[in-house]
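What follows is a set of notes on a single structure, which appears directly below.
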């Protein structure tokens, strides 16, 4: 007997192949294309088929934002419901819109959510940790896990009372139950996380501590037969030590397919073997008409909204070179800082480029420009700090650069090997400061003033940072939480739109 397991991951609200960034074009991905693969595989299969969605389904596109803004999770989930998944788990972005919206989305889904490492009072917070499927004499266990670094990224109000347990620790709790109590013949782990090390070589891969644990799961002694991963948006599929391991990219660009074969051994016990493990790319598949029709009218109205003009800015807001903008400062980053200052009524603001692909704003700004320049939620934190603490932050910030032989500066080698390393350097607003990068680390800050007054060690100041953009990759001191004066969640695109309309045209 054979069982086929199909999976999708990191759809990120791309339920069709609609291109919101470049209207008129289409994506070579989308849940609607993945749907055609899934239905084809089901029609071909002579044996049972299990379909699992691996999380980050409900956030990440203008359409997903539209439904969250209008509290419409039932519309959001209609597309995935047409595919009748057997199970799904939650990704880190499922928490972005708060617990109420998350739970409404779950209740609107036709499938069961399994998640074993997010707990409330020691018990799974969102339904069961696992589920089982029985096909004749064969029993399959499916355990859901997610990346526990949600607790570092998310608005605390969204995850109040929840405990995020390391994936491996949770697997060590639940998998023995699947084998010994549930008597499962195979264990499938749907893990919304990626690899912290190359599964073949053991070479370190970038990521925050604890963010990705797939390597640890794979190398553990736990009886895991299938490990479905995600979060890193990679496309890979391998059989390693007899175990199926895969990850299926982003936006539905691929559907994972694993085939297991079962037979009864001489001891009369069910034996299993991974026959194949692959990703089926969806780019050559047509869109499923039923899914496309679900969202057609909303997408048409959304595209019209995204094309609306917000206001005018000067050519200075175009970012041509992120590195140069870091060295010299830039009007676009000043704008983000000014928005944060106004939103939180603080003295000082700090922000960074979140990657080296930031393009800034064109002279005529549309809602589309704002969404794609800053698609992430803004969790703004206002922290009370002293002048001494500000100096310490600035000195740590200065380790990003080092002097080169020509009298200029270059990014320090310890940063260049890290993904999106440009996010490690903050640019500040509300103070005047100057570095001398020829000096040793810890002694590079040569000027620090506010309103033409030198900032003293015992001065009390209010600093605002974006917890999502600035906590990821960088670790601010622990006193940030102790000295927290206020924290609010915003969609940065909405803040930018309001600010430009209020203060524009910006020059």
(request) Can you tell me which residue within the stretch 225-236, out of those that are without any contact (Cβ under 8 Å) to a residue 60 or more places away in the chain and surrounded by fewer than 21 Cβ atoms within 10 Å (Cβ to Cβ), is farthest from the chain's Cα centre (by Cα)? (result) 236
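Does residue 405 count as modelled with pLDDT under 95 and more than 24 Å from the chain's Cα centre (by Cα)? Break it down into steps so the answer makes sense when it comes.
On the way: modelled with pLDDT under 95: yes; more than 24 Å from the chain's Cα centre (by Cα): yes.
When the stated conditions are applied, residue 405 passes them.
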(message) Condition first: assigned to a loop (DSSP other than H, G, I, E, B) and out of contact with any helix residue (DSSP H, G or I) (no Cβ under 7 Å at 6 or more places or on another chain). Now tell me which residues in the stretch 419-436 satisfy that.
(response) 419, 420, 431, 436
(request) Just one of (1) modelled with pLDDT of 95 or more; (2) surrounded by fewer than 23 Cβ atoms within 10 Å (Cβ to Cβ) trips up residue 116, so point out which. (result) (2)
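Residue 472: modelled with pLDDT of 90 or more and either under 27 Å from residue 96 (Cα atoms) or in contact with a strand residue (DSSP E or B) (Cβ under 7 Å, 6 or more places away or on another chain) (or both), yes or no? Let's see the steps before the verdict.
Numbers: modelled with pLDDT of 90 or more: no; either under 27 Å from residue 96 (Cα atoms) or in contact with a strand residue (DSSP E or B) (Cβ under 7 Å, 6 or more places away or on another chain) (or both): yes.
For residue 472, the condition - modelled with pLDDT of 90 or more and either under 27 Å from residue 96 (Cα atoms) or in contact with a strand residue (DSSP E or B) (Cβ under 7 Å, 6 or more places away or on another chain) (or both) - is not met.
Just checking, which of 209, 148 is under 23 Å from residue 235 (Cα atoms) and surrounded by 17 or more Cβ atoms within 10 Å (Cβ to Cβ)? Before you say what the answer is, go through the steps one by one.
Working: 209 fails: surrounded by 17 or more Cβ atoms within 10 Å (Cβ to Cβ).
The conditions single out 148.
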(request) Under 8 Å between Cβ atoms, at least 6 apart or on separate chains: pull out the pairs that start in the stretch 91-117 with a residue that is on the phi > 0 side of the Ramachandran plot and end on any residue that is buried (at least 24 other Cβ atoms within 10 Å of the Cβ). (result) none
(message) With in a strand (DSSP E or B), at pLDDT 95 or above and either touching a helix residue (DSSP H, G or I) at 6+ places or on another chain (Cβ under 6 Å) or not assigned by TED's automatic domain parsing to the domain that holds residue 487 (or both) as the only criterion, which of 161, 141 stands out?
(response) 141
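Okay, residues lined up against (1) within 29 Å of residue 232 (Cα to Cα); (2) without any contact (Cβ under 8 Å) to a residue 12 or more places away in the chain:
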position	(1), (2)
386	no, no
395	no, no
404	no, yes
409	no, no
415	yes, no
419	yes, no
435	no, no
450	no, no
460	no, no
(message) Just to verify a result, which residue in the stretch 343-377, among those that are in a helix (DSSP H, G or I) and out of contact with any helix residue (DSSP H, G or I) (no Cβ under 7 Å at 6 or more places or on another chain), is farthest from residue 307 (Cα to Cα)?
(response) 344
(request) Take residue 320 and decide whether it is surrounded by fewer than 13 Cβ atoms within 10 Å (Cβ to Cβ), at pLDDT 95 or above and assigned to a helix (DSSP H, G or I). (result) no
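Could you check the stretch 274-292 and list, in sequence order, the residues that are part of a helix (DSSP H, G or I) and either modelled with pLDDT under 95 or exposed (fewer than 13 other Cβ atoms within 10 Å of the Cβ) (or both)? Before the answer, list the steps.
Let us first name the residues in the stretch 274-292 that are part of a helix (DSSP H, G or I), namely 289-292.
Answer for the stretch 274-292, where residues must be part of a helix (DSSP H, G or I) and either modelled with pLDDT under 95 or exposed (fewer than 13 other Cβ atoms within 10 Å of the Cβ) (or both): just 289.
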(request) Working only within the stretch 9-67, note down all residues that are buried (at least 24 other Cβ atoms within 10 Å of the Cβ), out of contact with any helix residue (DSSP H, G or I) (no Cβ under 9 Å at 6 or more places or on another chain) and part of a helix (DSSP H, G or I). (result) 33, 34, 38
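So which residues in the stretch 175-218 are assigned to a helix (DSSP H, G or I) and within 25 Å of the chain's Cα centre (by Cα)?
Restricting attention to the stretch 175-218, the residues satisfying the condition of being assigned to a helix (DSSP H, G or I) are 175-181, 214-218.
Of everything in the stretch 175-218, those that are assigned to a helix (DSSP H, G or I) and within 25 Å of the chain's Cα centre (by Cα) turn out to be 214, 215, 216, 217, 218.
The values are calculated or read from the model by the stated rules, or taken from the named source; none is laboratory data. The shown structure was predicted, so the numbers you read here are calculated from the model rather than taken from an experiment. All Cβ positions, glycine included, derive from the backbone under ideal geometry; neighbour counts span all protein chains shown.
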